[in-house]
1. State, in angstrom, two size descriptors of the range B:252-379 derived from its alpha carbons: Rg to one decimal place and Dmax to the nearest whole number.
2. For the range A:8-94, run through the trypsin sites (Lys or Arg not before Pro) and keep only the ones in DSSP coil with at most 15 other Cβ atoms within 10 Å of their Cβ.
3. For each of A:H27, B:H230, count neighbouring Cβ atoms within 10 Å of the residue's Cβ, then give the residues from fewest to most.
4. Using alpha carbon centroids, what distance separates the range A:53-98 and the range B:459-490, in Å?
5. Under a point-charge model restricted to the Cβ atoms of Lys and Arg (+1) and Asp and Glu (-1), what is the dipole moment magnitude of chain B relative to its Cα centre, in debye to the nearest 20?
6. Taking H placed 1.01 Å from N in the peptide plane, check which residues at least 5 places from B:A488 or on another chain put their amide H under 5 Å from its amide H.
7. Give the peptides B:326-339, B:23-36, B:165-178 in descending order of average Cβ contacts within 10 Å, highest first.
8. Greater than 26 Å separation of Cα atoms is the criterion. Which listed pairs, B:K371/B:K439; B:K46/B:K205; B:K46/B:K435, meet it?
Amino acid sequence: MPGITREEVAHLARLARLELKAEELDHFAGQLDDIIGAVARVSEVADQDVPPTSHPLPLTNVMRADEVRPSLTPEQALSGAPAQEQQRFKVPQILGED
Amino acid sequence: MTATTTPELVSYEDALATYDPVMGLEVHVELGTKTKMFCGCSTELKQDANTQTCPTCLGLPGALPVVNEIGVESAIKIGLALHCEIAEWCRFARKNYFYPDMPKNFQTSQYDEPIAFNGYLDVQLEDGEVFRVEIERAHMEEDTGKSTHVGGATGRIHGASHSLLDYNRAGIPLIEIVTKPIVGAGERAPEVAKAYVAELRELIKALGVSEARMEQGQMRCDVNLSLRPHGQEKFGTRSETKNVNSLRSVERAARFEIQRHAAVLGAGGTIIQETRHFHEDDGSTTSGRVKEEAEDYRYFPEPDLVPVAPSREWVEALRATLPELPLAQRNRLREEWGVSAHDMQSILNAGAIGPIVATINAGADAVSARKWWMGELARNANEQGVDLGSLPITPEHVARVSALVTAGELNDKLARQVIDGVLKGEGTPDEVVDKRGLKVVSDEGALNAAVEEAIAGNPAIADKIRGGKVAAVGALVGAVMKATRGQADAARVKELILEQLGVEG
């Protein structure tokens with residue numbers, strides 16, 4: 001049953017490199033609880049005879065021949081990037097590594 | 001160079017006297033497919049950033065990945081060669097994490113349903129002892145993009161103001177091969193680690209699924225290591241040294257971690273489960289990040305890809321294509337060539353097995369094939385600091401040179417010049433022979449004339465030989481060789497001299 005603790009929220013925040021204030025931890029704990037509660041209702045209808053589904057189509061082995069297709073130009077690839085430098089995607093400082 | 005403080009270490013012998021090392025090795029192999037794992041972008045790595053991307057490998061909304069058939073085939077081949085079972089049905093999974101080296105914010109990998117599992121690889125140590133390394137799994141995944149950190153010291157993340165991403169490499173097929181805990185290696189653990197990675201590299205190359213060049217990052221190893229006191233069943237806490245990229249470094253990293261763990265444990269401390277960075281310059285490791293737990297990655301089945309269910313017919317057809325495994329091949333060749341275990345190890349270390357076998361297949365005899373690759377060519381590769389395989393000469397070329405020597409058209413000295421010409425890009429052996437005019441003078445008329453001249457020019461020596469001192473013939477052979485600029489067959493010259501002097505050889 002629900003019961004997301006503020007420690008769990010703090011852990012998730014660390015993984016996401018988000019800095020949350022103490023009151024935000026409580027706030028999000030409640031919200032996450034509601035979301036999980038809503039999703040958990042699915043398990044009320046899914047009985048033993050309903051196998052977990054990861055794909056809606058009963059297909060397997062959809063594969064592609066190893067043949068090169070044209071790529072985007074660097075201009076096209078970078079056209080949606082908020083920032084770029086030296087033909088590369090520019091991202092803010094990366095935290096929590098090294 | 002790097003301002004890392006090396007922690008106090010316990011001597012290797014003392015560490016082993018108290019503790020038993022347990023290792024786990026994770027090796028990533030970049031496959032040699034033409035295209036990425038889930039899209040048709042080329043895998044030929046260009047310097048020019050972001051020239052090999054598409055909506056799929058950039059993770060743009062609505063783009064759908066499709067699995068590369070050769071990627072799956074390669075994974076199955078690797079699994080079979082490692083004596084693994086091949087899954088009848090398996091899925092890809094999303095490994096979620098917050099790091100911009102994957103633009104999708106997750107890496108497509110496999111989690112609890114790897115395509116291959118439960119195998120082993122026998123590795124041979126320097127003294128010939130065979131150690132069996134059990135394989136936990138081999139699974140399919142994709143490589144990440146390349147980040148450049150700007151503004152910090154020496155290109156590291158720490159202190160950087162921002163980072164730049166090139167996604168050319170993102171999506172290139174990787175196979176991750178994970179061992180079961182390697183126990184019982186004792187003091188030989190670092191040697192076993194090195195021998196395992198070396199054997200795996202040979203296997204991957206023999207399968208033809210990757211060139212497995214460690215110096216180019218096509219094969220990378222993570223070394224997990226923990227210590228437990230002798231007699232204790234439970235494993236200790238492990239550290240994970242990431243991206244150890246040479247055979248020698250694998251051995252050094254394992255050795256260093258054994259000494260470091262022993263120092264920490266011996267002082268009453270605890271080992272933190274973390275990733276560590278290996279430093280080539282002094283062989284040390286330094287703390288990286290605290291390791292995420294598997295659950296932190298929130299793995300879930302990849303909804304955009306359908307399961308892979310290799311038919312047993314396909315698996316058996318692939319099994320039938322497997323080449324002889326490298327260790328078995330080495331043992332067979334050792335017998336066939338009549339070389340010692342030590343010589344075979346040198347041939348292996350030089351990367352010469354493949355070229356020698358190919359040269360023999362191209363028609364050369366084993367002795368001369370070995371002589372060229374382990375002599376002249378190995379020396380040349382060493383001088384240039386490249387692999388034998390990267391030299392601009394083919395086994396067919398070497399076989400041709402060998403054939404010319406056998407036919408008496410080249411002597412050893414001339415053959416070396418032909419090899420030199422081929423290496424310098426002057427063409428095929430026959431072209432070099434033509435261009436440089438390197439042919440043994442086999443025209444008997446010309447040779448006889450040179451012999452006559454040599455006899456006439458050295459009457460005293462000629463008399464000695466006539467008088468029975470056949471050993472003196474060497475001086476006349478030398479004179480003829482000089483006159484023909486080394487292009488005569490010395491044995492034939494000797495015969496002709498003795499013939500002209502009327503002396504039995």
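Any read-out appearing in this document is the output of simple, stated calculations on the displayed coordinates, not a laboratory observation. Being a predicted model, the structure only gives us computed values, none of them experimental. Because the Cβ atoms are built from the backbone with ideal geometry, glycine has one as well, and the counts that use them run over all protein chains shown.
1. Values for the range B:252-379 (Cα only, Rg and Dmax): 24.0, 65 Å.
2. Values: sites: A:R14, A:R17, A:K21, A:R41, A:R64, A:R88, A:K90; in loops: A:R17, A:K21, A:R41.
Those satisfying the criteria are A:R17, A:K21, A:R41.
3. Values: A:H27 14, B:H230 11.
Going from least to most buried by this count: B:H230, A:H27.
4. Computed from Cα coordinates, the inter-centre distance equals 74 Å.
5. Working: 54 positive and 74 negative charges, 148 e Å.
For this selection, approximately 720 debye.
6. Close amide H contacts, sequence-distant or interchain: B:V441.
7. Details: B:326-339: 15.0, B:23-36: 22.2, B:165-178: 24.6.
Peptide ranking by packing, descending: B:165-178, B:23-36, B:326-339.
8. Numbers: B:K371/B:K439 21 Å; B:K46/B:K205 23 Å; B:K46/B:K435 36 Å.
Long pairs (Cα-Cα over 26 Å): B:K46/B:K435.
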